[in-house]
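Visitor: Quick one: the structure is below, questions incoming.
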Amino acid sequence: MGLLSLLFLDELSHGLAHLSMFPFFDTAHYFVTVMSLREQKGVLQVSRSSPLACWFSSMLFCFGGGLLTGLMMAEPPIAPLANGTNVLIASTVWYLVFYCPKDLVYCLASFMPLRVVLSGMKEVTRTFKVLAGVNQAHRKYKDALMVMIAVGWAKAAGGGLMANFEQLIRGVWKPETNELLNMSYPTKITLIGAVLFSLQKNQYLPLQTNHLMLFYTVFIVVNKARMMLTGATASPFATIESLVQNTLFCGSSPYAALPAEENKSCNGTGSAAKNGAAGNHPPTEGCRALPENREDSEITSCKKTD
Amino acid sequence: MGLLSLLFLDELSHGLAHLSMFPFFDTAHYFVTVMSLREQKGVLQVSRSSPLACWFSSMLFCFGGGLLTGLMMAEPPIAPLANGTNVLIASTVWYLVFYCPKDLVYCLASFMPLRVVLSGMKEVTRTFKVLAGVNQAHRKYKDALMVMIAVGWAKAAGGGLMANFEQLIRGVWKPETNELLNMSYPTKITLIGAVLFSLQKNQYLPLQTNHLMLFYTVFIVVNKARMMLTGATASPFATIESLVQNTLFCGSSPYAALPAEENKSCNGTGSAAKNGAAGNHPPTEGCRALPENREDSEITSCKKTD
Amino acid sequence: MGLLSLLFLDELSHGLAHLSMFPFFDTAHYFVTVMSLREQKGVLQVSRSSPLACWFSSMLFCFGGGLLTGLMMAEPPIAPLANGTNVLIASTVWYLVFYCPKDLVYCLASFMPLRVVLSGMKEVTRTFKVLAGVNQAHRKYKDALMVMIAVGWAKAAGGGLMANFEQLIRGVWKPETNELLNMSYPTKITLIGAVLFSLQKNQYLPLQTNHLMLFYTVFIVVNKARMMLTGATASPFATIESLVQNTLFCGSSPYAALPAEENKSCNGTGSAAKNGAAGNHPPTEGCRALPENREDSEITSCKKTD
């Protein structure tokens, strides 16, 4: 890569690092967030029957990161509400998306090209939030890598991580699923970002902050646009993940080794299946032992119930 | 209004402002709270099978406001327990209401005239709690109206807002309902109070604090007594609410505009109905589109399950 | 008791008081905790399908006390993660217990004699945690006995008290049971310890701290070993508890006094039984009124449903 292009890259990264999120990028973030909330099941009914709960859900989604990091760092979780302007913008966006006459705003914003742009801008805010979280943790805990990763992650993926409780506000309760059990793409990419920025902050990466910001931002924006345009839902890390899982997190079947334990855990699956918890634990390809065992368990538990 | 009556009003408001809640008003608050807890379904069984859980529920109800505001403001949520005298009084009340031989105390306290007096005194504590919450928020966040409203609300309606988790302690879990989805009268009136006192604190109201306290207290006490004596359950704001809802929070049916989205959300209702979540989202009168759609959705989901 | 033995006791207690938990006792704590987690129903499936959720559950169990007391005292709940070494050890233990080839580590550690030793060492950490919690509370709240008990209890029994939310991470939700409704032996013994150490801290006990530590530690270790070796599950306090419950927490049946209230609460039980909440409220022996009433209630609710 020539000197010129390097210089250009450097300038570009500096430009990005000094970009102001307020107001345009923040607004895009609110739009994308509230629209994704609105597209969840049953939300429209709630928006009509109890607007306050709907508004509360939207705010939790828009400012969830700040709330969660506040709780984690023992700083006032209510702080995001103190920024009147942002709350006002978010509330306006919420109102327009849910209650605009003829639903004009939602129709307009869900027009594909515009939506891609909005989502792209939202992804840019992700970089800044991860970095903000990492720095927030670094202020209190020097070189506590785990804390920096956790806070950076929570700051930028707070809405998703708190989804169970956000749903509870709307009267929906789905304990059998959460972002830790089956992680969505945004949560994953945020976690990776938190790891990268935390490593960089502790000088484990031979990179300047603004360069890392540029590379990370370009990657998530391009990737997001690609997924939206091609409608691809598969995570780009699927192969790596399954590889890691099958090498590190499978081991030999513990069932062979521990028959007593096996039955215990099998009945466990059975009963778990009954309370609908096992539904979302698909056995990974690498662990051949599991499927059979789970069939056994179904049988066992059936026999039990007979 | 003559000068004399004005002077009298002023004196009265000063008297109220300097009224001490401890011990009599606080005790009345504990009595009303614990009795309302005892009258909930299944609580008596819990009080016999695990007194500790019952005591914990009662304390959560009695001191819920302090706990919730503590969490919101990153101040120790356990602080209310530090006031030994109040905890002792509350525990005594709890014991007498639940375990007094021959149930004398409960029978006595539920004697209507006495109960009206106790409830009236409890309402007085409401005013002081809202004000305390607003001031607590104002200390950290000058002119952050939203925060002051939220904290004032949480301080005086904490028990209700945390009801889901208070029930969880007793082994009851009702995710399909919470104070945000269908707000009870006390929570509503507290919210209104929080708004009024926050506006007054930021000089948006042409009133002195003690005058506002007097007017608000008189209103809630009189209204509470009226509701108890006439057995009226309808909120005095019902008409205003439905008016607001039908003008601001209805918009035209978004279903017409978004057929694809409609089906999605309809199936949503269907599945929501299955996990018992839709039961408490009665469509508001103003939104004609909803009932039909929900029938559709029932049909759709039925077809699905066939 | 002779002077020599007294001197010996004093020396022993001093030795215990200056014992360092890190690394061996902490590691034993992690081993016992993670193994008890692994032996819960359905956990092995989760460990294969989503290792991250499994790791998170394990960390919640290992460091739950610190997290909970952090929340209660408005100190960063994330602080335990800041101690890199401990997190590293806990994570290694977690990995070995769940994913060790041929499951060697788990088989080895569940070999009874070794397991008794590990559990004994874990009990020693309990003493130190209770004391740490009591001191942590004492720093902020002098002579607030309740707070010291609560924090000491939470510090050493945090994992158990947060079990509902730890399960939620794994996609399991059992609202009908928690440590307050039917307290397990470890939680009980921790509560007793918290009470004792709080009383001692406020000079209500004629004992030195290190002597109390010695007596408490010996009691819990011996008792734990006895229970493991004899397989006894009954709490050693069962008789005292039922005595206390039947004298203090029974009172005369409130049902006789309040027929109206009775039906209410009966239907309560009925509906509670439906959402599976009543299952774990066995009426205590002392309260004869309850069983009949609950039969009535079943009947009532049956009639209702007919």
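Visitor: Using a 1.4 Å probe, what is the accessible area per residue for the range B:7-236, in Å²?
Guide: Here the per-residue accessible area is 39 Å².
Visitor: Provide the buried accessible surface between chains C and A in square angstrom, both chains summed, 1.4 Å probe, rounded to the nearest 100.
Guide: About 3500 Å² of accessible surface is lost on pairing.
Visitor: Could you please state how large a percent of the accessible area of the range A:7-236 is carbon and sulfur, counting protein chains only and using a 1.4 Å probe?
Guide: Heavy-atom surface of the range A:7-236 belonging to carbon and sulfur, 1.4 Å probe: 71 percent.
Visitor: Please say if the range B:12-142 is rounded, prolate or oblate, where rounded means a/c under 1.5 for a ≥ b ≥ c the square roots of the C-alpha gyration tensor eigenvalues, and otherwise the choice is prolate for a/b larger than b/c and oblate otherwise?
Guide: Since a/c reaches 1.5 but b/c is at least a/b, the shape of the range B:12-142 is classed as oblate.
Visitor: Normalised by the number of residues in the range A:49-139, what is the relative contact order in percent for Cα pairs under 8 Å and 6+ residues apart?
Guide: Across the range A:49-139, relative contact order equals 18 percent.
Visitor: Which whole-Hz couplings ³J(HN,Hα) result when phi for each residue of the range B:42-58 is put into the Karplus expression 6.51 cos²θ - 1.76 cosθ + 1.60, θ = phi - 60°, listed in order with x for Gly and Pro?
Guide: In residue order, the calculated couplings are x, 5, 4, 4, 4, 4, 8, 7, 8, x, 5, 4, 5, 4, 4, 4, 4 Hz.
Visitor: Next question. Compute accessible area for the range A:83-124 by itself and then with all protein chains, 1.4 Å probe, and report residues whose area falls by 20 Å² or more.
Guide: A:Tyr95, A:Tyr99, A:Lys102, A:Asp103, A:Tyr106, A:Cys107
Visitor: Might you work out the accessible area of B:Thr209 for me, using a 1.4 Å probe with all protein chains in place, and round it to the nearest 10 Å²?
Guide: Accessible surface of B:Thr209 is approximately 50 Å².
Visitor: Another question, if that's okay. So, R0 is 51 Å and r is the distance between the beta-carbons of C:Arg115 and B:Thr239; what FRET efficiency does that work out to, to 0.05?
Guide: The calculated FRET efficiency here is 0.15.
Visitor: Which whole number gives the average, over all residues in C:140-146, of C-beta atoms from other chains lying within 10 Å of the residue C-beta?
Guide: Taking the mean over all residues of the peptide, I get 5.
Visitor: Among A:Lys188/A:Lys224; A:Lys201/B:Lys140; C:Lys129/C:Lys224; A:Lys155/A:Lys188; C:Lys155/C:Lys201, which pairs are too far apart, with a Cα-Cα distance over 23 Å?
Guide: Pairs exceeding the cut-off: A:Lys201/B:Lys140.
Visitor: Select the chain B residue whose beta carbon lies nearest to the rotation axis carrying chain B onto chain A, and write the distance in whole Å.
Guide: Measuring from each Cβ to the axis, the minimum is at B:Ala74, 3.
Visitor: Between A:Leu108 and the same site in the other copies, what are the distances in nm, shortest first, taking label points 7 Å from Cα along the C-beta direction?
Guide: 6.7, 6.7
Visitor: Oh, and also: May I ask which residue of A:Val105, A:His29, A:Leu196 lies farthest towards the positive end of the charge dipole of the range A:7-236, with charges of +1 (Lys, Arg) and -1 (Asp, Glu) on Cβ and the Cα centre as origin?
Guide: The one lying farthest along the dipole's positive direction is A:Val105.
Visitor: With every protein chain in place, what's the accessible area of C:Tyr216 (1.4 Å probe, Å², nearest 10)?
Guide: It works out to around 10 Å².
Visitor: Also: Using a 1.4 angstrom probe with every protein chain in place, what is the largest-first accessible-area order of A:Val244, A:Val222, A:Val93?
Guide: So, going from the largest accessible area down, we get A:Val222, A:Val244, A:Val93.
Visitor: Can I ask one more? At B:Tyr204, label 7 Å along Cα→Cβ: distances to the other copies, nm, ascending?
Guide: 4.8, 4.8
Visitor: What are the ³J(HN,Hα) values, in whole Hz, obtained from phi via the Karplus relation 6.51 cos²θ - 1.76 cosθ + 1.60 with θ = phi - 60°, for each residue of the range A:192-197 in sequence order, with x given for Gly and Pro?
Guide: 4, x, 4, 4, 4, 5
Visitor: Which ³J(HN,Hα) values, rounded to whole Hz and listed in residue order, are derived for the range C:175-189 from phi using the Karplus coefficients 6.51, -1.76 and 1.60 in 6.51 cos²θ - 1.76 cosθ + 1.60 with θ = phi - 60°, glycine and proline given as x?
Guide: Computed from phi, the couplings for the range C:175-189 are x, 6, 9, 7, 5, 7, 6, 10, 6, 7, 4, x, 5, 4, 4 Hz.
Visitor: Taking the Cα centre of the range A:7-236 as origin, work out the dipole magnitude from +1 charges on Lys and Arg Cβ and -1 charges on Asp and Glu Cβ, in debye rounded to 20.
Guide: 260 debye
The values are calculated or read from the model by the stated rules, or taken from the named source; none is laboratory data. Quantities reported herein were computed from a predicted structural model and do not represent experimental measurements. In this analysis, Cβ positions are derived from the backbone assuming ideal geometry, glycine residues included, and neighbour counts consider all displayed protein chains. With ligands, DNA and RNA removed, areas are computed over all heavy atoms of the protein, side chains included. Shrake-Rupley method; radii C 1.70, N 1.55, O 1.52, S 1.80 Å.
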